[in-house]
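Just below is one structure, and these are the notes that go with it.
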Amino acid sequence: MILPYSREDAGQPPSLHAPYASTVARSPRQPLVRIPHTLTETTGPAGCWENLMGSSLADLTTQHKAMPQGQRIIVSGRVLDENGRPVPNTVMEIWQANAAGRYIHKKDQWDAPLDPNFTGAGRVITDTEGRYQYVTVRPGAYPWGNHHNAWRPSHIHLSLLGPAFATRIVTQMYFPDDPLIEIDPIANATPLPYRQRMVSRFDIQTTRPNWALGYLFDIVLRGREQTPTEDPHDH
């Protein structure tokens, strides 16, 4: 019998979720071994990210010669700790499929067009109030081969880096009107009501007239309201 490693928080997805086929092969079979953190894990380049990586890439629609295809959107939110306090100077890496549901990746060869004006990668850093904002296009759904007629809902991958290298977390942001969420094995690895923490909210105040729709997505790093996180190898 395969016993999955269980996280302490019921709102976090387990390492083994059988409907998500690849977790069967890669989930731990033995109890995890805790490795004490050393200086390498507990330190990092906090406060000097821009010196290392360059300025932020907060607009994914202006990286090429022309505008990409698709619905332009603005995503805003805050990064918060377990007590609702802002977490400043957090690096947020962004990656996603284009509006047709295609990644620029050699293994992504399904019959959808690439967009020469969209790479699908960006980066922002939270301000002193833990706020962030970026501009992109709404990604399309795509087939992923997990089971017959399997389609991933529209989503944006987010990776957060704090003051130390061991603080990296990865999550996905979904959209509130997507019917594929209810039948997606990756999203459903996180049970309700916790799954809703990964769904953004449409916001008319963030929406820019005649330009882009706006969505809000706050990320809570730990505690009772923690945003579900995932294995960084997930789709």
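Out of (1) modelled with pLDDT of 95 or more; (2) not in a loop (DSSP other than H, G, I, E, B), what's the single condition that is false for ASN210?
Condition not satisfied by ASN210: (2).
Sort out which residues of region 91-111 are open to solvent by 10 Å² or more (accessible area, probe 1.4 Å) and either farther than 30 Å from GLY44 by Cα or among the hydroxyl-bearing types (Ser, Thr, Tyr) (or both), and write them in order of number. Steps first, please.
Our first condition is that a residue be open to solvent by 10 Å² or more (accessible area, probe 1.4 Å); within region 91-111, this holds for 93, 95, 99-100, 102-111.
Across region 91-111, the qualifying residues are ALA99, ALA100, ARG102, TYR103, LYS106, LYS107, ASP108, GLN109, TRP110, ASP111.
For every residue, the table says whether it meets (1) more than 16 Å from ASP218 (Cα to Cα); (2) open to solvent by 30 Å² or more (accessible area, probe 1.4 Å); (3) outside any loop (DSSP other than H, G, I, E, B).
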| site | (1), (2), (3) |
| --- | --- |
| GLN133 | no, yes, yes |
| PRO139 | yes, no, no |
| HIS157 | no, no, yes |
| GLN172 | no, no, yes |
| GLU182 | yes, yes, yes |
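Given the criteria part of a loop (DSSP other than H, G, I, E, B) and closer than 23 Å to GLY84 by Cα, does GLN226 qualify?
yes
Checking the structure you have, find out if any residue of region 118-140 is modelled with pLDDT of 95 or more, within 27 Å of ALA21 (Cα to Cα) and among the aromatic types (Phe, Trp, Tyr).
Among the residues of region 118-140, not one is modelled with pLDDT of 95 or more, within 27 Å of ALA21 (Cα to Cα) and among the aromatic types (Phe, Trp, Tyr), which makes the answer no.
Would it be correct to say that GLN226 is without any contact (Cβ under 8 Å) to a residue 24 or more places away in the chain, polar (S, T, N, Q) and either over 20 Å from ARG72 (Cβ atoms) or surrounded by 18 or more Cβ atoms within 10 Å (Cβ to Cβ) (or both)?
No: the conditions fail for GLN226.
Just give me the residues in region 190-216 being of a type in the set (Phe, Trp, Tyr) and open to solvent by less than 40 Å² (accessible area, probe 1.4 Å), in sequence order.
TYR215
Restrict the check to region 75-90 and report whether at least one residue is surrounded by 13 or more Cβ atoms within 10 Å (Cβ to Cβ), over 18 Å from LEU161 (Cα atoms) and in contact with a strand residue (DSSP E or B) (Cβ under 7 Å, 6 or more places away or on another chain).
Of the residues in region 75-90, the ones surrounded by 13 or more Cβ atoms within 10 Å (Cβ to Cβ) are 75-81, 86-90.
Checking which are over 18 Å from LEU161 (Cα atoms) leaves us with 75.
Okay, now just the ones that are also in contact with a strand residue (DSSP E or B) (Cβ under 7 Å, 6 or more places away or on another chain), so 75.
Checking region 75-90: at least one residue is surrounded by 13 or more Cβ atoms within 10 Å (Cβ to Cβ), over 18 Å from LEU161 (Cα atoms) and in contact with a strand residue (DSSP E or B) (Cβ under 7 Å, 6 or more places away or on another chain).
Which ones in region 22-48 are touching a helix residue (DSSP H, G or I) at 6+ places or on another chain (Cβ under 8 Å) and outside any helix (DSSP H, G or I)? I'd like the intermediate steps shown before the answer.
Narrowing region 22-48 to residues touching a helix residue (DSSP H, G or I) at 6+ places or on another chain (Cβ under 8 Å): 37, 40-45.
Answer for region 22-48, where residues must be touching a helix residue (DSSP H, G or I) at 6+ places or on another chain (Cβ under 8 Å) and outside any helix (DSSP H, G or I): HIS37, THR43, GLY44, PRO45.
Looking at (1) touching a residue at least 40 places away in the same chain (Cβ under 8 Å); (2) under 21 Å from THR23 (Cβ atoms); (3) of a type in the set (Gly, Ala, Ser); (4) open to solvent by 10 Å² or more (accessible area, probe 1.4 Å), find the lone condition where GLY145 falls short.
(1)
So, ASP234, is that one assigned to a loop (DSSP other than H, G, I, E, B), at pLDDT below 95 and closer than 28 Å to SER27 by Cα or not? Write out each step before concluding.
Working: assigned to a loop (DSSP other than H, G, I, E, B): yes; at pLDDT below 95: yes; closer than 28 Å to SER27 by Cα: yes.
For ASP234, the condition - assigned to a loop (DSSP other than H, G, I, E, B), at pLDDT below 95 and closer than 28 Å to SER27 by Cα - is met.
Hey, any hits in region 118-126 for a residue that's of a type in the set (Lys, Arg), part of a loop (DSSP other than H, G, I, E, B) and either touching a residue at least 12 places away in the same chain (Cβ under 8 Å) or over 22 Å from ALA187 (Cα atoms) (or both)? Spell out how you get there, then give the answer.
Looking only at region 118-126, we keep the residues that are of a type in the set (Lys, Arg), and these are 123.
With the extra rule that they be part of a loop (DSSP other than H, G, I, E, B), the set shrinks to none.
No: region 118-126 contains no residue that is of a type in the set (Lys, Arg), part of a loop (DSSP other than H, G, I, E, B) and either touching a residue at least 12 places away in the same chain (Cβ under 8 Å) or over 22 Å from ALA187 (Cα atoms) (or both).
Answer yes or no as to whether ILE74 is in a loop (DSSP other than H, G, I, E, B) and either under 15 Å from THR136 (Cα atoms) or not aromatic (Phe, Trp, Tyr) (or both).
When the stated conditions are applied, ILE74 does not pass them.
The values are calculated or read from the model by the stated rules, or taken from the named source; none is laboratory data. Predicted model only: the values in this text are computed from it and were never measured. Here Cβ is always computed from backbone atoms with ideal geometry, including for glycine, and neighbour counts include all displayed protein chains. Surface areas here come from the heavy atoms of the whole protein model, side chains and all, with no ligands, DNA or RNA. Shrake-Rupley method; radii C 1.70, N 1.55, O 1.52, S 1.80 Å.
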